[in-house]
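First up is the structure itself, then whatever we jot down about it.
The values are calculated or read from the model by the stated rules, or taken from the named source; none is laboratory data. Note that this is a predicted model, so its numbers are computed, not measured. So basically every Cβ, Gly included, is an ideal-geometry build from the backbone, and we count neighbours across all protein chains shown. Heavy atoms of the whole protein, side chains included, go into the accessibility calculation; ligands, DNA and RNA do not. Shrake-Rupley method; radii C 1.70, N 1.55, O 1.52, S 1.80 Å.
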Amino acid sequence: MKTTRLTDTDGMAVTVRGLVKHYGETRALDGVDLDVRQGTVLGVLGPNGAGKTTLVRVLSTLVQPDAGSATVAGYDVLRQPRQLRRVIGLTGQYASVDEKLSGRENLYMIGRLLDLSRAESRRRADELLERFSLTEAAKRPAQGYSGGMRRRLDLAASMIGQPAVLYLDEPTTGLDPRTRNEVWKEVQRMVADGTTVLLTTQYMEEAEQLADELTIFDRGRVIAAGRVDELKAKVGGRTLQIRPVDPAALPAMAAVLTGSTPDHENGVLNVPIASDEQLTDVVGLLGARGFAIAGIGTHLPSLDEVFLAITGQKATLEGAPAEDASDASVEDKELVA
């Protein structure tokens, strides 16, 4: 089945304006505005409890917002939920598969629910089983699968209908590096074919690998957005790291260069620079003042450093608890199917 991809005149697959959602006294979404261009990956980052999963649940019609509007693939989330569910895919934070069915039967069933023909459902099931290294286990009941295998099967189920918009809510949590790379390759393949992806993740490497643009959430609000290089530039751009032959010279070197900071632990002087010309000038000035230099290098802020600078928190590491009490469940997956 070839998914019909509806297009908006502005080229956006997802448009969100003023989205608000409360859970009791908690304001999970607090006036969110968001745009996702067609055929791209938007990475959504934020500390636990920031509202990322709530956003996914609203955009996949699993919960209704208290205020605001959202359009996905040309369909209004509130007024056209049934039509919208036909053109989206969702993988929540936890695998939700029918444990009594085999891996192939799970995928075949999802394909048929999405109106794929019997032949196409079988073809897509076998194709995805192979891509996610599940072919040998295809005929076994899913209840006998390991946690990683169930996760891969769940990801395959979200992709079987070749959705116009795919929501991946922390999709690789708990996966080994090889399987994580398989997931990344499949996401990239789908995007190349025109699928739009909204990805929430706690892995900075994953965001940097997959996302065309990033949106950072905190306390239900968007606090920063842009391309990875743009966000890095906002935090501080490049840093020139100069290692003197004599570590004791660090304070004197810092006194020569305004804005530089000595790192005595690592024996380097950190100098923020804006251009290659400035780099040359800095090295030339230190040489003219008689400082002997053992080595130089440049450093761009990592995405972890960007996240810390913007949110004031470190990125959550692998194995962190779920962010919302309202995480997607098995029933959620059935609704989308």
Filter result for G24 (more than 21 Å from the chain's Cα centre (by Cα), open to solvent by 10 Å² or more (accessible area, probe 1.4 Å) and at pLDDT below 95): yes
Considering residues that are at positive phi and aliphatic (A, V, I, L, M), the number found within the range 110-135 is 0
Testing N270 on (1) within 21 Å of V165 (Cα to Cα); (2) polar (S, T, N, Q); (3) over 15 Å from the mean Cα position of the chain (by Cα), one condition comes back false. Which one is that? (1)
Among (1) in contact with a Lys or Arg (Cβ under 8 Å, 6 or more places away or on another chain); (2) closer than 17 Å to T311 by Cα - the single one V222 does not satisfy: (1)
Scanning the range 210-256 residue by residue, those surrounded by fewer than 18 Cβ atoms within 10 Å (Cβ to Cβ) and assigned to a loop (DSSP other than H, G, I, E, B) turn out to be D212, R219, R227, G236, G237, V245, D246
Quick check on my filter: what residues within the range 181-201 are outside any helix (DSSP H, G or I) and surrounded by fewer than 22 Cβ atoms within 10 Å (Cβ to Cβ)? D193, G194
Determine whether the range 303-318 contains at least one residue that is at pLDDT 75 or above, surrounded by 13 or more Cβ atoms within 10 Å (Cβ to Cβ), in a loop (DSSP other than H, G, I, E, B) and of a type in the set (A, V, I, L, M). no
Condition set touching a Pro at 6+ places or on another chain (Cβ under 8 Å) and among the hydroxyl-bearing types (S, T, Y), scope the range 195-243, selection farthest from D169 (Cα to Cα): answer is T239
Say whether the condition of being in contact with a helix residue (DSSP H, G or I) (Cβ under 8 Å, 6 or more places away or on another chain), of a type in the set (S, T, Y), open to solvent by less than 60 Å² (accessible area, probe 1.4 Å) and within 25 Å of M204 (Cα to Cα) is met by at least one residue in the range 291-299. no
